[in-house]
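Asks: Here it is, the structure, as structure tokens.
The values are calculated or read from the model by the stated rules, or taken from the named source; none is laboratory data. Quick caveat, the model's predicted, so the values are computed rather than measured. Note that we place each Cβ from the backbone using ideal geometry, even for glycine, and neighbour counts take in every protein chain shown. Ligands, DNA and RNA are excluded from the accessible area calculation, which covers all protein heavy atoms including side chains. Shrake-Rupley method; radii C 1.70, N 1.55, O 1.52, S 1.80 Å.
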Amino acid sequence: MNETLAVAPAPDPAVVAEILAGLGGAQKTLPAKLFYDAEGCELFNRITRLPEYYVTRAEMALLDRHAAAIAATAPAGAALVEYGAADESKALRLIDAAPGRFGAYVPVDIAPGALLAIGERMRQSHPALPVQAVEADFLQPLALPAVAAGRPAFGFFPGSTIGNFRPDTVLRFLSQARDTLSSGEGGPACFVIGTDLRKSPDRLLPAYDDAAGVTAAFNLNILRHVNRLADGTLDPEGFAHRAVWNSHEGRMEMHLVSRAAQEARVAGTLVRFRAGESIHTEDSYKHTREGFVALAARAGWRPAGFWTDEDELFGMHLLLG
Ligand code: AVJ
């Protein structure tokens, strides 16, 4: 019998190492990018429709208001390079607001299923626009694909995904993105970045701990994904979801709190949890406008535009570099 057909793909050593490093520290952590297996993408989609989760609606309202103004800042024929493109809905606001301005669309994401679906829908809805997806962890240096050759690049990083990065990682990401985006032709590099704005914890806490428990399910699902990626025995029933506002760092945090003393095996390593000990699974920074501009400036970007929704919940920065 050929058993190789039935077994999962070999574990990615770099991801396994990252998981073990996170679970081996004094404060246990897991990388937030591991939320997004197929189930996690589905759960995140449900989060975006929750009454408490204002983030996606606010960003869409912002784009309804300002898509034309934002798209007008793109050089003619630019390749729209979208980082963390779970779907094309936000990019389409820009593309459709300025017909003919964008000459190509390059969605970049770590979820191959999402990228395939984007390509298929775009072929139907915008058959004349060349689309070339790039499957990549965008914290690694990124080379633009052939479809962007000979075009100015217009970077787009919506969704407040950048909120998952600590300031030092934001700096590394923004410097790298400047290299990637300025490899295009003509003019300075352009980058439009969406960030959830600082606001009252009264608004933030329910957005990250909703009444229907979808965010809890999203948080717990990372354990199943880790079990698959690193041959683990982490028990989702043994952990509880917790969302906290860290006022000192200006970020929401998600944790998984061990309900009791327990042990698990991950990639052959024994991992022990004390009762009440947490795995820190996500940071979601809420940058003020000024705070983000200062960070971007340290990475060599110059602020050139800023837009918000009517309720000033969400912000979009235009950076030139
Ligand atoms: C996709 C990173 C923007 O931080 O709000 C939603 C992920 N986490 N609920 C966010 C998330 C909990 C989301 N981002």
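Asks: Return the only residue of ARG251, ARG198 being closer than 30 Å to LEU320 by Cα and open to solvent by 50 Å² or more (accessible area, probe 1.4 Å).
Replies: Going through ARG251, ARG198 in turn, the sole match is ARG198.
Asks: Going through GLY163, GLY150, GLY159 one at a time, which residue ends up being more than 27 Å from PRO99 (Cα to Cα) and either touching an Asp or Glu at 6+ places or on another chain (Cβ under 9 Å) or crowded, with 16+ Cβ neighbours inside 10 Å (or both)? First the steps, then the outcome.
Replies: Numbers: GLY150 fails: more than 27 Å from PRO99 (Cα to Cα); GLY159 fails: more than 27 Å from PRO99 (Cα to Cα).
After ruling out the rest, the residue left standing is GLY163.
Asks: Same structure again: Would you mention how many residues in the range 166-184 are open to solvent by 20 Å² or more (accessible area, probe 1.4 Å), under 22 Å from MET316 (Cβ atoms) and of a type in the set (Gly, Ala, Ser)?
Replies: Count: 3.
Asks: Here is a further query. Would you confirm whether any residue within the range 56-69 is under 21 Å from the mean Cα position of the chain (by Cα), within 13 Å of the ligand (Cβ to nearest atom) and over 23 Å from LEU174 (Cα atoms)?
Replies: yes
Asks: Given the conditions (1) hydrophobic (A, V, I, L, M, F, W, C); (2) over 30 Å from ASN246 (Cα atoms); (3) within 16 Å of the ligand (Cβ to nearest atom), which single one is not true for VAL81?
Replies: That leaves (3) as the condition not met.
Asks: Between residues in the range 192-204 that are without any contact (Cβ under 8 Å) to a residue 60 or more places away in the chain and residues that are part of a helix (DSSP H, G or I) and surrounded by fewer than 20 Cβ atoms within 10 Å (Cβ to Cβ), which pairs lie under 9 Å by C-beta distance while being six or more apart or on different chains?
Replies: Taking only residues 6 or more apart or on different chains, not a single pair turns up.
Asks: Let me ask another. Quick one: count up the residues across the range 254-277 that are in contact with a helix residue (DSSP H, G or I) (Cβ under 6 Å, 6 or more places away or on another chain), open to solvent by less than 20 Å² (accessible area, probe 1.4 Å) and away from the ligand (no atom under 15 Å from the Cβ).
Replies: Number satisfying all stated conditions: 2.
Asks: Restricting attention to the range 181-191, does a residue exist that is assigned to a helix (DSSP H, G or I) and away from the ligand (no atom under 15 Å from the Cβ)?
Replies: Filtering the range 181-191 down to residues assigned to a helix (DSSP H, G or I) leaves 181.
Adding the requirement that they be away from the ligand (no atom under 15 Å from the Cβ) leaves 181.
Checked the range 181-191: at least one residue is assigned to a helix (DSSP H, G or I) and away from the ligand (no atom under 15 Å from the Cβ).
Asks: Still on this structure: Could you look through the range 139-168, keep only residues that are touching a residue at least 24 places away in the same chain (Cβ under 8 Å), of a type in the set (Gly, Ala, Ser) and assigned to a helix (DSSP H, G or I), and pick out the one that is nearest to the ligand (Cβ to nearest atom)?
Replies: Only one residue tops the list, namely GLY163.
Asks: Then there is this: Any residue in the range 12-31 that is among the aliphatic types (A, V, I, L, M) sitting within a Cβ distance under 8 Å of a residue that is open to solvent by 30 Å² or more (accessible area, probe 1.4 Å) and part of a helix (DSSP H, G or I)? List the pairs, counting only those 6 or more apart or interchain.
Replies: Going by the 8 Å Cβ cut-off, the qualifying pairs are VAL15/LEU229; VAL16/LEU229; ILE19/LEU229.
Asks: Looking only at residues that are open to solvent by 60 Å² or more (accessible area, probe 1.4 Å) and charged (D, E, K, R) in the range 34-46, which one is nearest to VAL214 (Cα to Cα)?
Replies: From the range 34-46, those open to solvent by 60 Å² or more (accessible area, probe 1.4 Å) are 36, 38-39, 42, 45-46; that's our starting set.
Now drop any that are not charged (D, E, K, R), which leaves 39, 42, 46.
Numbers: GLU39: 12, GLU42: 10, ARG46: 7 Å.
Applying the filter and picking the extreme gives ARG46.
Asks: Step by step: first the residues of the range 278-312, then only those that are part of a strand (DSSP E or B) and away from the ligand (no atom under 16 Å from the Cβ), then the one that is most open to solvent (accessible area, probe 1.4 Å). Which residue is that?
Replies: Going residue by residue through the range 278-312, those that are part of a strand (DSSP E or B) are 278-285, 287, 302-308.
Now drop any that are not away from the ligand (no atom under 16 Å from the Cβ), which leaves 302-308.
Numbers: ARG302: 140, PRO303: 64, ALA304: 49, GLY305: 23, PHE306: 49, TRP307: 37, THR308: 25 Å².
Ranking the qualifying residues of the range 278-312, first place goes to ARG302.
Asks: A follow-up question, please. Could you grab me the full set of residues in the range 282-301 that are in contact (Cβ under 8 Å) with a residue 24 or more places away in the chain and of a type outside the set (Gly, Ala, Ser)? Explain how you work it out, then say what you get.
Replies: Residues of the range 282-301 that are in contact (Cβ under 8 Å) with a residue 24 or more places away in the chain, as a first pass: 282-289, 291-293, 295-296, 298-301.
GLU282, ASP283, TYR285, LYS286, HIS287, THR288, ARG289, PHE292, VAL293, LEU295, ARG298, TRP301 - these are the residues of the range 282-301 that are in contact (Cβ under 8 Å) with a residue 24 or more places away in the chain and of a type outside the set (Gly, Ala, Ser).
Asks: So, one more: Please go through the range 214-225 and give me each residue that is within 13 Å of the ligand (Cβ to nearest atom) and either open to solvent by 30 Å² or more (accessible area, probe 1.4 Å) or touching a strand residue (DSSP E or B) at 6+ places or on another chain (Cβ under 8 Å) (or both), ordered by number.
Replies: Looking only at the range 214-225, we keep the residues that are within 13 Å of the ligand (Cβ to nearest atom), and these are 214-222.
Once the filter is applied, which keeps residues that are within 13 Å of the ligand (Cβ to nearest atom) and either open to solvent by 30 Å² or more (accessible area, probe 1.4 Å) or touching a strand residue (DSSP E or B) at 6+ places or on another chain (Cβ under 8 Å) (or both), the range 214-225 yields THR215, ALA216, ALA217, ASN219, LEU220, ILE222.
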